[in-house]
Amino acid sequence: MYQDYLSLVSKDTNGARVPLEDFKKLFIVAEARFLFACLSREFDPSFIYVGKSNLEFMLAYKAIKVIRDFRGAEKTSSQAIDLLGKVKPGFVFIHEKGDQLEYADLIQYISQSCPTTRSYILIDSLKVLEDYTKIDPDVIVADADIFLPNNPLLQGLMAMVAGTTYRSPSVESYLNQICQPNDHPSSRRVVLGLRDQQLLEAYVLGLSNREVAEQLKLSVRSVQTYSGQLLARLGVNNRQKALMHIAKMGISVIPKFFKS
């Protein structure tokens, strides 16, 4: 069964495709790059798997290097939402296998209620994109693209770490066909990374940039830069407005990074 799946190697725009042995090498390199990026950017690599495939669940579990990074697996949106109420993974990997969105409720929940969690969607059928306006995920990768030489699986992972969005080539092409240029929904998510959470706590505690820099072992200029980027993403121009904004989003700041 797994070998049959691996034989479904997709072609890139030039008709080339990646042989299985080369794909294995790409996977190993991609895994190393992802883990290194997580360390350098302090991204949480823990995840939840959501889908109907027991095979994928097993492969995902075996692929990780640190077992505690695997936070669980569920088969329905409601079960996954319940699990997200108990654990806060770095991302949720969702496999949409049919022609219609099965996990729209989950994806919306992550977008609206989980500011520190990213969503990574693998789709078997491009037809689910016809309901694209209902969802706002960070990453969408088409199953038909996973063996392309540019390694869309890795591109999606690296986009999450960088706090940006990613659409694999087939997804982007299909969206261009079914949507007018101005109809593409832009991501409205505000994803809070570790540094953002630290800064918000500093805002609550009333710490100066110098005090933050001393405790986090950063330069004052770096703190100023990070803070400016956070305020810009929240669409505000000062600390007080930032705290008001996240309160409206339902985000609670729990002191855990700084000494009082």
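The values are calculated or read from the model by the stated rules, or taken from the named source; none is laboratory data. In this text, all values refer to a predicted model and were calculated from it rather than measured experimentally. With ideal geometry, Cβ positions are generated from the backbone for all residues, glycine too; neighbour counts draw on all protein chains shown. All accessible areas refer to the heavy atoms of the entire protein, side chains included, with ligands and DNA or RNA removed. Shrake-Rupley method; radii C 1.70, N 1.55, O 1.52, S 1.80 Å.
At-a-glance table
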item: Modelled FRET efficiency - R0 22 Å, residue 178 with residue 150, Cβ distances, 0.05 increments; result: 0.45
item: Potential lengthening between residue 214 and residue 116 on full extension [0.36 nm per residue; Cα-Cα distance subtracted]; result: 32.8 nm
item: Surface per residue (accessible, 1.4 Å probe) for the range 74-147, Å²; result: 39 Å²
item: Stretch gain in nm, segment residue 53-residue 258, where the contour uses 0.36 nm per residue and the Cα spacing is subtracted; result: 69.6 nm
item: Residue-span extension gain [residue 247 to residue 131] - 0.36 nm each, minus C-alpha spacing; result: 38.7 nm
item: Cα gyration tensor shape for the range 113-153, rounded if a/c is under 1.5, else prolate or oblate; result: oblate
item: Peptide ranges 221-228, 93-100 listed from the most packed, as the mean C-beta count within 10 angstrom indicates; result: 93-100, 221-228
